[in-house]
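Q: Structure incoming, see below.
The values are calculated or read from the model by the stated rules, or taken from the named source; none is laboratory data. Here the structure is a predicted model, which is why all the values come from computation and not from measurement. Note: ideal-geometry Cβ built from the backbone for every residue, glycine included; neighbour counts use all protein chains shown. The protein model used for the area step is the full one, side chains on, heavy atoms only, and it has no ligands, DNA or RNA in it. Shrake-Rupley method; radii C 1.70, N 1.55, O 1.52, S 1.80 Å.
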Amino acid sequence: MSLAAALHQGLAGLGLDLPAAVQARLLAYVALLKKWNATYNLTAIRDEGEMVTQHLLDSLSVLPALQELALVGRRWADIGSGAGLPGIPLAIVRPDLDMTLVETVAKKSAFQRQAKIELGLANLTVVNRRVEELPGGGFDAVISRAFAELADFVRLAGHLPTPDGRLYAMKGLLPEDEISRLPQAWAVADCIRLSVPGLDAQRHLIILERA
């Protein structure tokens with residue numbers, strides 16, 4: 001199966017009906033990631049087909065789980081973004097999102113800036129700084145993908161959302177122990193089982209809000 005067919009099939013499995021131009025841009029991101037990965041080791045995944053499943057579809061699996069109110073015109077931050085995941089796929093699919101990628105490693109931020117240019121992502125901002133150095137209250141939503149334990153996520157990024165903003169932690173197995181160690185100032189608003197087409201592993205989205 002071609003990459004384009006695999007992506008199209010996976011998106012259908014997520015219930016996402018995307019224009020051909022958007023799907024082409026997602027595949028262009030994978031091609032750019034593979035090119036840079038040969039030199040900069042941005043991800044342990046080398047195969048483009050696996051990138052489609054484990055990077056693109058995994059990142060986009062949060063969209064069917066989110067209410068439209070959380071997306072339209074909202075200011076999002078992707079913390080510890082690495083190769084731009086999930087922020088770049090989300091920014092490609094949802095141009096109405098204002099997405100900021102926060103990454104401390106310079107080579108990864110350099111890749112993100114190149115992706116912004118080559119993919120024409122006007123809604124993407126790249127910040128090469130430590131999360132805790134950013135000013136607070138600037139985002140409606142802050143997301144992380146396999147970034148840190150929930151308590152550390154809250155400690156490092158809890159100042160970033162607006163007073164009614166939320167933190168979104170993408171996890172594998174349901175992290176019950178991590179949830180039990182959350183500080184009292186934060187509570188689990190929702191815990192959603194995600195389904196990633198082609199991926200035989202558990203995925204969960206933990207949504208946190210101020211208690």
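Q: Considering Leu16, Leu69, Leu42, which residue is within 21 Å of Asp190 (Cβ to Cβ), open to solvent by 10 Å² or more (accessible area, probe 1.4 Å), not in a helix (DSSP H, G or I) and not β-branched (Val, Ile, Thr)?
A: After ruling out the rest, the residue left standing is Leu16.
Q: Which members of the stretch 65-97 meet the condition of being over 13 Å from the mean Cα position of the chain (by Cα) and not aliphatic (A, V, I, L, M)?
A: Gln67, Glu68, Gly73, Arg74, Arg75, Pro95, Asp96
Q: Another question about this same structure. When only residues in the stretch 103-162 that are more than 18 Å from Arg210 (Cβ to Cβ) and among the hydroxyl-bearing types (Ser, Thr, Tyr) count, which is surrounded by the fewest Cβ atoms within 10 Å (Cβ to Cβ)?
A: My answer is Thr104.
Q: Out of the residues in the stretch 180-210 that are of a type in the set (Val, Ile, Thr) and either out of contact with any Leu (no Cβ under 7 Å at 6 or more places or on another chain) or open to solvent by less than 50 Å² (accessible area, probe 1.4 Å) (or both), state the one that is nearest to Leu14 (Cα to Cα).
A: Restricting to residues being of a type in the set (Val, Ile, Thr) and either out of contact with any Leu (no Cβ under 7 Å at 6 or more places or on another chain) or open to solvent by less than 50 Å² (accessible area, probe 1.4 Å) (or both), the top hit is Val196.
Q: Does Ser59 count as closer than 21 Å to Gly165 by Cβ and either open to solvent by 70 Å² or more (accessible area, probe 1.4 Å) or assigned to a helix (DSSP H, G or I) (or both)?
A: The answer is yes for Ser59.
Q: Going by the structure shown, is Leu85 modelled with pLDDT under 95 and either under 26 Å from Thr39 (Cα atoms) or part of a helix (DSSP H, G or I) (or both)?
A: The answer is no for Leu85.
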